[in-house]
1. On average, how much accessible surface per residue is there in region 12-71, in Å², for a 1.4 Å probe, leaving out ligands, DNA and RNA?
2. Dipole of the chain, Cα-centred, from +1 at each Lys and Arg C-beta and -1 at each Asp and Glu C-beta, to the nearest 20 debye?
3. Can you give me the C-alpha center-to-center distance between region 291-307 and region 149-189, rounded to a whole angstrom?
4. How much of the accessible area of the chain, in percent, comes from carbon and sulfur atoms when a 1.4 Å probe is used?
5. All other residues with a Cβ under 11 Å from the Cβ of residue 304 taken together, and with Lys, Arg as +1 and Asp, Glu as -1, what is their net charge?
6. How much net charge surrounds residue 48 when only the other residues with a Cβ under 13 Å from the Cβ of residue 48 are counted, with Lys and Arg +1 and Asp and Glu -1?
7. Collect residues whose amide H, placed 1.01 Å from N in the peptide plane, falls under 5 Å from the amide H of residue 76; neighbours closer than 5 in sequence don't count.
8. Residue 29 label point, 7 Å along Cα→Cβ, cut-off 15 Å on backbone N: hits in region 52-66?
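The values are calculated or read from the model by the stated rules, or taken from the named source; none is laboratory data. Model, not experiment: these values are computed from the prediction. Neighbour counts run over all protein chains shown; Cβ positions are idealised from the backbone, glycine included. Surface accessibility is based on the protein's heavy atoms, side chains included, excluding ligands, DNA and RNA. Shrake-Rupley method; radii C 1.70, N 1.55, O 1.52, S 1.80 Å.
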Amino acid sequence: MTPFLFMSKQKLEILDYPRKALAALLTEQFEVEPFRANQLFPWIYRSRHLDFSQMTDISKSVREVFSENFNIYRPKRAQMLASKDGSYKFLWELDDSSNIESVLIKQSKRVTLCLSSQVGCAMRCAFCVTGTLGLKRDLQVHEIIGQVIAVRDAIAEHELEDFGNIVFMGMGEPLHNIDNVIAATEILNDEYGFNFSGRKITISTSGLVNGIRQLGQSKAKANLAISLNATTDEVRKSLMPVNKRYPLEVLMAELRRYPLKAHRRITFEYVLIKGVNDSRDDQKRLIKLLRGIPSKVNIIPYNPGVDLGYETPSREVIVQWQENLLGGGLNATIRWSKADDINGACGQLAAKHK
Ligand code: SAH
Ligand code: SF4
């Protein structure tokens with residue numbers, strides 16, 4: 001006798017499927033009417049039910065098909081840390097006991113949820129803690145969406161302020177796991193579920209040009225953010241190995257072609273590192289590089305969470321960067337560090353306890 005006979009049937013993760021794909025799967029494999037997907041979505045994503053048997057507008061026999069064949073995923077909450085500034089960091093344990101993090105970031109006027117897209121990151125940017133881990137694996141769609149639902153569970157449980165924005169700026173390079181990130185974004189966009197408009201979601205990339213093109217052609221609705229971080233190939237290569245494959249000229253040419261909706265802008269993140277990319281010449285080159293692209297620059301003072309040999313410029317230099325970019329006709333904001341007392345700063349995520 002083979003041991004396989006005793007193995008229970010592997011259930012499908014329902015959080016893996018955008019609504020249309022779920023409807024197709026239901027009809028093709030389970031002889032369930034496609035509109036059942038429309039009924040399921042609010043139960044799963046709005047009221048966050050975990051039990052199909054409670055979804056009372058769906059007939060009992062159909063509920064049984066769901067219970068037998070599908071699982072509704074939640075990551076295990078290993079830690080929830082509160083920051084003094086009102087932000088929260090969540091450490092999740094996945095089924096293979098990998099850890100990932102999400103951060104609920106409290107700003108003055110809004111709350112933003114920062115999501116992870118991979119366990120670790122292959123891009124190995126020199127200034128980034130996640131980069132030091134290397135890539136362990138991609139997250140599945142249900143593990144990306146699972147972060148969003150599990151944070152909403154925690155918000156309900158602790159009566160916290162809800163988030164209105166979602167950014168893919170946690171662990172990982174979203175466009176290196178692009179199919180799953182696109183599917184997750186479609187689920188976030190869905191009017192039957194979370195109903196986040198494209199303005200409320202931002203996908204941040206180190207500059208994977210093929211992924212940028214695929215994202216632009218996809219149905220997913222989200223803002224695009226580019227981690228630029230330098231204004232010459234030489235410096236960018238030293239900070240971000242991805243620049244060897246996609247140098248600035250290639251990246252900027254792709255961005256000029258990107259199908260931006262009316263009144264929308266591409267965000268350029270610029271991690272300001274003392275003595276590396278913070279000169280006046282950098283300011284001038286940045287203004288030139290972005291000419292003609294509807295853009296906003298997000299100046300991010302380098303966060304020295306872990307010693308990687310870099311330093312943060314002085315407050316004067318940071319403020320002067322903003323002033324000079326504004327003077328050069330760019331839209332520029334400074335992202336002062338959040339949640340740094342709990343190592344929670346977005347883009348600074350690495351499971352420290354490992
Ligand atoms: N991999 C994607 C998204 C995650 S990183 C990307 O690189 O865009 C999110 C942001 O955090 C990026 O803009 C990155 O440049 C920034 N970041 C990484 N390490 C940082 C550090 N030590 N200090 C400040 N920002 C950092
Ligand atoms: Fe990866 Fe982004 Fe960190 Fe670079 S900055 S190593 S792409 S997570």
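1. 51
2. Rounded to the nearest 20 debye, it is 1060 debye.
3. Centre-to-centre (Cα) distance: 21 Å.
4. Within the chain, the accessible surface is 50 percent carbon and sulfur.
5. Here the count lands on -2.
6. Neighbour charge sum, excluding residue 48 itself: -1.
7. Amide H to amide H, under 5 Å and 5 or more residues apart or across chains, residue 76 pairs with 93.
8. Under cut-off, by backbone N: 65-66.
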